[in-house]
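Here's the structure we're looking at; comments come further down.
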Amino acid sequence: MAKVLSPEEFLELGKSLPMIDVRTPAEFEEGHIPDALNIPIFTNEERALVGTKYKRASKDSAVLLGLELVGPKLAKFVKMAKKFAPQKEIMVHCWRGGMRSGSMAWLFETAGFKVYLLKGGYKAYRGYIRKQFAEKSELVVLGGMTGSGKTEVLHEMQKQGAQVLDLEGVAHHKGSVFGALGQTDQPSNENFENELAKVWLDLDPNKPIWVEDESKSIGSVWINDALFDRMRQTDVVKILIPKSERIKRLVEEYACFNSEILAHMISKIGKRLGGLNVKLAEESLEKGDYATVADITLSYYDKAYRHGLSKREGQTIHYLELEKDNPAENAQKVIEFYNSLKK
C-alpha cells in the first residue's frame, strides 16, 4: 500500500526520489513542484471530456469514460515510470491527492513499485510553501539606485558564504523596463513562487537571508504577499554608489542591444521621462552615446526609487557609501557593515 506523506516529508524525500505529477500538461505547465516529472493520466482534452461527463451525467459515467481513455495507456505509464525510477521507488501526486494519484499509485504498485503519495496533492503543497515565507527568519534587504550592481553584489556575497534569495534570477528579469533584455522567458507566477520556495526551504532562518530590494512585480511575475510584507518590514542596507559608476555599468549591460529595441523600451517610460528627454535619448542612441541615454533614464529611476523608499514607514534604512562598482569588494563591505550593525 502506498505510503502517504505530508508536503514537508514529500519534498524532503523528493530530493532523492523521482516525483511524478499525474495532472494534465496544462496544469503542470501552469505550476508544478520543482524537479517534478509529468506523466499525465489525461491529456488536456481528455480531462475536459471527463469533467463535462461528470457535470452533465454522473460520477459513475465520468469514471467509466476515464477508464476507457486511460486503459490503452497503462503499459506506457509503467514503461515511463521504469525509465524515471529504475530502482522502482517512486513518488506520485495529483491536484488534491484524489482519484488520479490514487489510480496511478495502484498501477505502479501492481507493477512492483514502492509508492509514496502526497497528502492533499499539489494544492496542499502550495499551501505549505506559502506558510513557510511567513515563518520567522532574519531577512535583510539590499537596496540601492538602479545601476548599483545589487544583483552582482548579492552573487558575490553568496560566494563569500552569505545566504541569498535571488529574486531576479528566479524571475528571469532584472526588474526595470529593460529587465527582460538578454533573459530567457519568465516562468508562470506559480512556478516563480515554487522555485523561490525551493531555495527558501534550504536556507537557515536563524542566519541572515539577503534579498534585493524590489517592487511587488518583477516583470510579469509577483512576489507573494507573505514575502513582500516581510521585505517591507525588515532592515534595508542601501548602498550608495556614484552616478558616474552606475552609468558605466548600465552602458556595459545594455549597449550591446539593438538601438531600436532600446528606443522601444525608452518609449514605455516616455510619459515619465518627458518629451524633451525622450527626444534627447533617441538622438543619443543614434549617435551611439549610450552614457547620455543611461543618464536620462536614471533621472527617472532614481526619482522613483527615492519616492518609494520615503513611503516605507517604520522600516530602518542603513546607508553604506561605496566608491566604486566592484561587486566582490562591495560584497565584503556590505557583510562587514551589516555585522557591525548587529554588535
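Summary table below
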quantity: Shape of region 1-136, Cα gyration tensor, a/c cut at 1.5; calculated: oblate
quantity: Euclidean distance of C-alpha centroids, region 228-293 and region 69-92, integer Å; calculated: 51 Å
quantity: Solvent exposure of the chain as accessible area per residue, Å², 1.4 Å probe; calculated: 52 Å²
quantity: Order by protection proxy (mean Cβ within 10 Å, highest first), peptides 188-195, 24-31; calculated: 188-195, 24-31
quantity: Between region 131-179 and region 1-56, the Cα center-to-center distance that results, in Å; calculated: 31 Å
quantity: Degrees between helix 290-310 axis and first principal axis of the chain (Cα, 0 to 90, nearest 10); calculated: 70 degrees
quantity: Listed residue pairs exceeding 28 Å between alpha carbons, taken from K131/K303; K15/K79; K198/K268; K123/K311; K82/K119; calculated: K131/K303; K198/K268; K123/K311
quantity: Positive dipole terminus of the chain, leading residue within F228, A197, P86 (C-beta point charges); calculated: P86
quantity: Packing-based ranking, highest mean first, of 147-156, 110-119 given that Cβ atoms within 10 Å are counted; calculated: 147-156, 110-119
quantity: Segments 51-58, 131-138 sorted - mean Cβ within 10 Å per residue, highest first; calculated: 131-138, 51-58
quantity: Three-way shape label, region 128-277, alpha-carbon gyration tensor, a/c 1.5; calculated: prolate
quantity: Set of aspartates and glutamates with alpha-carbon distance to K88 below 14 Å, sequence-local pairs under 8 removed; calculated: E109
quantity: Relative contact order of the chain, defined on C-alpha pairs under 8 angstrom at six or more residues apart (%); calculated: 18 percent
quantity: Accessible surface of region 118-195, 1.4 Å probe, proportion on carbon and sulfur as whole %; calculated: 47 percent
quantity: Gyration tensor verdict on region 192-337 (Cα atoms; rounded if a/c is under 1.5, prolate if a/b is larger than b/c, oblate otherwise); calculated: prolate
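The values are calculated or read from the model by the stated rules, or taken from the named source; none is laboratory data. Owing to the predicted nature of the structure, the values given are computational and were not obtained by experimental measurement. Neighbour counts are summed over all protein chains in view; Cβ atoms, including those assigned to glycine, are modelled from backbone coordinates with ideal geometry. We work out accessible area using only protein heavy atoms, side chains counted, and drop any ligands, DNA or RNA first. Shrake-Rupley method; radii C 1.70, N 1.55, O 1.52, S 1.80 Å.
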